[in-house]
Amino acid sequence: MKLEITSLLAFLWFTKKPIFYNILSYVKSYEIAEDLLQETFVNFLKNLKKFDKNKSVLAYLMVLSKNLSLDYLKKNKEIISEDNELDLAINNS
């Protein structure tokens, strides 16, 4: 059990940086990227039994993080649009 935890921590350490920057390239916010990074690893661990062990784990995590980032942007599109409209109204008054 201890070896498994050590292996998992090592895996997380070596993969978190490229995944974080993948997420950041979409959301442009360090705080949001950190949240989505955590969500990426949680989703991966929840679905670990479904993962095809013949596939690249890093590639899988990159696609998962991209999808979570795009989902986040879709959900928050209305909020961003409303903020931009408010900024335009304030700047034009």
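What order do you get for Asp52, Asp71 when you list them from fewest to most C-beta neighbours inside 10 Å? Each step should come with its number before you reach the end.
On the way: Asp52 7, Asp71 12.
Ascending Cβ contact count within 10 Å gives the list Asp52, Asp71.
May I ask which of Lys46/Lys66; Lys28/Lys55; Lys49/Lys74; Lys17/Lys55; Lys16/Lys50; Lys46/Lys77 have a Cα-Cα span longer than 25 Å here?
Listed pairs above 25 Å: Lys28/Lys55; Lys49/Lys74; Lys46/Lys77.
Of Phe41, Phe11, how do they rank once you tally other Cβ atoms within 10 Å and put the fewest first?
Ordered by Cβ neighbours within 10 Å, fewest first: Phe11, Phe41.
What FRET efficiency comes out for Ala10 versus Asn47 if R0 is 22 angstrom and r is the Cβ-Cβ distance? Round to the nearest 0.05.
Approximately 0.60, to the nearest 0.05.
FYI, it's all coordinate maths here, none of it is from the lab. Because the structure is a prediction, the values reported are computed rather than measured. Because the Cβ atoms are built from the backbone with ideal geometry, glycine has one as well, and the counts that use them run over all protein chains shown.
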